[in-house]
Amino acid sequence: MATDYDEVRSDVKESQDRSLEALQSENAPDARIVRDLDESDSMDDGIIPGGEIVNDELIVQVIPQAADEFVCYSCFLVRHRSQLAREKDGHAYCTECEG
């Protein structure tokens, strides 16, 4: 007689069905925990792990590009003109990207 090794054994299938029924019931302890976690997740906006509420704005001073600087078209870093390797089609490339 041929045996189908891909088929789930009957004892394993019964235990899977029982555990699925237990998870689906509202009285299962796991279902209550998941429901409690879902409710608490909605209140976590703006709270860091220490429990403090943070509502700070990041203030950064932007310094404009100087006349002796350029932005490399390859790595997008602001470089000094002494690091200019080449300019092609209006795009500047630094020595690190060209080397």
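FYI, it's all coordinate maths here, none of it is from the lab. Quantities reported herein were computed from a predicted structural model and do not represent experimental measurements. Reconstructed Cβ throughout: ideal geometry from the backbone, glycine too, with neighbour counts over all protein chains shown.
Summing Lys, Arg as +1 and Asp, Glu as -1, what charge do residues with Cβ under 14 Å from the Cβ of ARG79 carry, ARG79 excluded? Spell out each step's value before the answer.
On the way: positive: ARG81, ARG86; negative: ASP68, GLU69, GLU87, GLU96, GLU98.
Its environment carries a net charge of -3.
Once amide H atoms are placed 1.01 Å from N in the peptide plane, what residues at a sequence separation of 5 or more from SER74, or on another chain, have their amide H within under 5 Å of its amide H?
Placed amide hydrogens put CYS94 under 5 Å from SER74.
Just to check I understand the Karplus step: with θ = phi - 60° and J = 6.51 cos²θ - 1.76 cosθ + 1.60, what whole-Hz values come out for the range 59-70, glycine and proline as x?
Karplus values, whole Hz, x for Gly and Pro: 10, 10, 8, 9, 9, x, 5, 7, 5, 9, 10, 8.
Quick one: order CYS97, CYS72 by neighbouring beta-carbon count within 10 Å, fewest to most. It would help to have the intermediate numbers written out before the result.
Details: CYS97 17, CYS72 20.
Going from least to most buried by this count: CYS97, CYS72.
With 11 Å as the cut-off, how large is the P(r) tail for the range 57-98, expressed as percent of Cα-Cα pairs?
Numbers: 550 of 861 pairs.
Considering the range 57-98, 64 percent of its Cα-Cα pairs are separated by more than 11 Å.
Grab the beta carbon distance between GLU57 and ALA85, set R0 = 41 Å, and tell me the FRET efficiency rounded to 0.05. Numbers along the way, then the final one.
Working: r = 39 Å, r/R0 = 0.95.
The pair GLU57/ALA85 has a calculated efficiency of 0.55.
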